[in-house]
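All remarks here apply to the structure that follows.
The values are calculated or read from the model by the stated rules, or taken from the named source; none is laboratory data. Please read these numbers as outputs of a predicted model, since none were measured by experiment. Cβ coordinates were reconstructed from backbone atoms using ideal geometry, including for glycine residues, and neighbour counts include every protein chain displayed. The accessibility values were calculated without ligands, DNA or RNA, using every heavy atom of the protein model including side chains. Shrake-Rupley method; radii C 1.70, N 1.55, O 1.52, S 1.80 Å.
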Amino acid sequence: MEDLLSISEIRSKIGQKIRVAGWVHDVRLLGGINFVLLRNREGIVQLTTPKKSVTQDVLDAVSSLHPEDVILCTGLVKDSKIAKNGFEIIPDSITVLSASATPLPLDPRGVTDANLDTRFQWRTLDLRRPETTALFKVEAALIYGMESYLRQEGFIQVFTPSILGGISEGGSEVFKIDFYGKPAFLRQDPQLHRQLAMAGGLGRVYDLGANWRAELSHTPRHMSEHRTIAPEMSFVADERDTMRVEEGMIVSAIRSVLGSCAAELELLKVLLEEPKTPFPELAFPEIYPLLEGLGHRLPEDSDLDRESEKLLSEHVKKEFGSDFFFVNRFPSKVKPFYVMHVDENPRYARSVDLLYKGLELSSGGQREHRHDRILEQIREKGMNEEELMWFTEPFRFGVPPHGGFSLGIERFTAQMLNIASAKEAALFPRDPERLQP
């Protein structure tokens with residue numbers, strides 16, 4: 001008898017005795033025949049207990065079960081035309097490994113709805129919902145696909161510091177911490193250290209990890225802690241080299257999800273298709289008259305607002321049939337000091353965002369690699385040159401043209417699955433109101 005089979009393995013065990021463990025998803029007591037729906041990370045399987053075919057001990061055990069009890073069942077696998085999986089298990093024994101308290105503060109079956117605050121407060125119970133489990137399986141497949149592509153393209157994974165001795169992007173949206181009596185900050189993005197990896201000659205790297213922003217934002221798009229995948233590469237011709245890598249990474253991610261998560265997509269009612277490449281590209285300053293023609297006036301030298309993103313996404317979908325598109329050449333005024341300006345028109349930068357179904361997923365482009373230009377742009381931003389010398393000094397010693405981007409994993413997952421809040425794609429989300437669990 002094999003031990004603790006997953007539900008997917010049980011299908012090949014018709015006529016055999018097996019052991020399976022999980023949570024009691026539901027109990028249906030119908031008198032002559034009772035049913036227990038047993039759930040684990042693989043899905044839900046039906047235990048059937050006909051009164052004439054099982055022992056009194058099994059009948060007694062079933063009648064005393066509660067939702068979310070953790071049980072171990074041994075039994076015979078039989079074909080079934082009624083059970084959803086096409087098979088059922090006739091138990092020989094049922095053992096309660098861990099009893100659940102009642103009543104439950106949240107119903108993992110989804111029979112009783114719960115708002116997001118309740119779901120996050122009782123996140124461990126919420127994670128037991130098949131839909132939530134499916135979401136994180138999709139997210140894992142998405143990350144696998146992105147990493148696989150980057151490794152095939154010669155990128156190596158690195159781990160850049162999360163604790164910084166200074167503010168990397170300016171502004172006040174940073175978490176200040178005490179570092180052995182000295183002030184330090186949680187990183188907003190692994191940007192500058194990825195660039196130093198280029199200065200160090202590593203050539204192609206990617207970082208996968210958490211970033212923090214102290215924004216008092218309460219939108220479904222923002223979190224105080226979020227995760228990104230962030231590639232950086234040397235010897236780019238211009239920012240479009242980073243765009244080609246990004247769209248290749250996106251296609252690989254979606255292929256990975258399509259190849260391994262068909263059941264999860266079906267459960268979540270998501271129709272996903274592999275996108276065509278190259279993705280459409282829109283660029284400033286042509287975006288201003290385009291938006292005006294769409295009925296929205298955006299002042300020159302200003303960043304895209306939410307209305308702009310929505311209108312441009314609708315335009316691209318209509319004109320090109322694509323959910324993905326790049327926005328290039330943002331006004332230099334709204335971008336960080338390390339972004340390369342267009343030499344022939346410094347008012348605009350080699351800065352690229354990727355939008356997906358109306359939401360920004362990533363920001364990147366070509367970085368400034370010339371030491372004198374970096375210093376000039378630091379001064380233009382009114383930042384302190386001395387505080388950034390740890391970053392700028394290596395650029396005195398020969399740094400190749402380079403670029404990259406940082407893509408938000410929770411945002412990508414939520415948009416792919418048509419989920420309204422990116423927080424649902426964080427295992428234990430952090431926002432201005434939530435620090436636990």
Amide H of Ala349: which non-local residues (sequence gap of 5 or more, or other chain) have their own amide H closer than 5 Å, using H built in the peptide plane?
-> Phe330, Ser332, Val342
Hey, rough spin-label estimate for Lys17 and Glu286, points 7 angstrom out along Cα→Cβ, what's it come to in nanometres?
-> 7.3
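Would you compute, from DSSP H runs of 4+ residues alone, the mean residue ellipticity of the chain at 222 nm, taking -39500 (n - 2.57) per run and dividing by the full residue count, rounded to the nearest 500?
-8500 deg cm²/dmol
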Does the stretch 146-269 come out rounded, prolate or oblate, given a ≥ b ≥ c as the square roots of the eigenvalues of its C-alpha gyration tensor, rounded meaning a/c under 1.5 and, failing that, prolate meaning a/b above b/c?
-> oblate
J(HN,Hα) series, the stretch 208-214, from Karplus relation 6.51 cos²θ - 1.76 cosθ + 1.60, nearest Hz, glycine and proline x = 10, x, 8, 9, 10, 9, 8
In the full protein assembly as shown, how much of Glu410 is accessible to a 1.4 Å probe, in Å² to the nearest 10?
-> 10
Rounded accessible area of Val27 (nearest 10 Å², 1.4 Å probe) | 30
For the stretch 71-189: relative contact order, % (alpha-carbon pairs under 8 angstrom, 6 or more apart) = 13
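Accessible area of the chain with a 1.4 Å probe: how many percent of it is carbon plus sulfur?
Details: 10800 of 20900 Å².
Solvent-exposed carbon and sulfur of the chain make up 52 percent of the total.
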Largest to smallest accessible area among Arg367, Arg119, Arg11, Arg297 [probe 1.4 Å] = Arg297, Arg11, Arg119, Arg367
Enumerate the amide H contacts of Gly75 below 5 Å, restricted to partners 5 or more residues apart or on another chain; note that Pro and chain-start residues carry no placed amide H.
-> Ile18, Asp92
Kindly write out, for the stretch 111-125 in residue order, the coupling ³J(HN,Hα) from the Karplus curve 6.51 cos²θ - 1.76 cosθ + 1.60 (θ = phi - 60°), rounded to whole Hz, with x marking Gly and Pro.
-> 5, 9, 5, 9, 6, 4, 4, 5, 4, 6, 5, 10, 4, 4, 6
Excluding ligands and nucleic acids, what accessible area in Å² is computed for Tyr356 using a 1.4 Å probe, to the nearest 10?
-> 10
By the C-alpha gyration tensor axes a ≥ b ≥ c (rounded if a/c is under 1.5, else prolate when a/b exceeds b/c, else oblate), the shape of the stretch 276-426 is prolate
Might you report the magnitude of the Cβ-based charge dipole of the stretch 13-126 about its Cα centre, with Lys and Arg at +1 and Asp and Glu at -1, to the nearest 20 debye?
-> 440
Quick note, the stretch 51-111: a/c under 1.5 would make it rounded; otherwise a/b > b/c is prolate and the rest oblate (a ≥ b ≥ c, C-alpha gyration tensor); here it is oblate
Roughly how many nanometres apart are two label points built 7 Å out from the Cα toward the Cβ at Asp343 and Asp60?
-> 8.7
Whole-Hz ³J(HN,Hα) from phi, Karplus 6.51 cos²θ - 1.76 cosθ + 1.60, for the stretch 14-27, glycine and proline x = 4, x, 10, 8, 9, 10, 9, 10, x, 9, 6, 7, 6, 10
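Fully extended, how many nm does the chain gain between Leu127 and Lys52 (0.36 nm per residue separation, minus their Cα-Cα distance)?
Stretched fully, the Leu127-Lys52 segment lengthens by 23.3 nm.
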Candidate values (1) 38, 27, 24; (2) 51, 23, 20; (3) 37, 25, 19, label of the one derived for semi-axes √(5λ) of the Cα gyration tensor in Å | (2)
Stretched fully, the stretch from Ser148 through Asp26 gains (0.36 nm per residue minus C-alpha distance, one decimal, in nm) 40.0 nm
At 7 Å along the Cα-to-beta-carbon direction for both Leu116 and Leu216, put a label point, then send me their distance in nm to one decimal.
-> 1.9
Which residues qualify? For Tyr356, with a placed amide H closer than 5 Å and at least 5 residues away or on another chain, they are Leu361
Under a 1.4 angstrom probe, counting protein chains only, how are His25, His218 ranked by accessible area, largest first?
-> His218, His25
Lys381, Lys423, Lys182, Lys269, ranked by accessible area, largest first (probe 1.4 Å) = Lys269, Lys182, Lys381, Lys423
Averaged per residue, what accessible surface does the chain expose to a 1.4 Å probe, in Å²?
-> 48
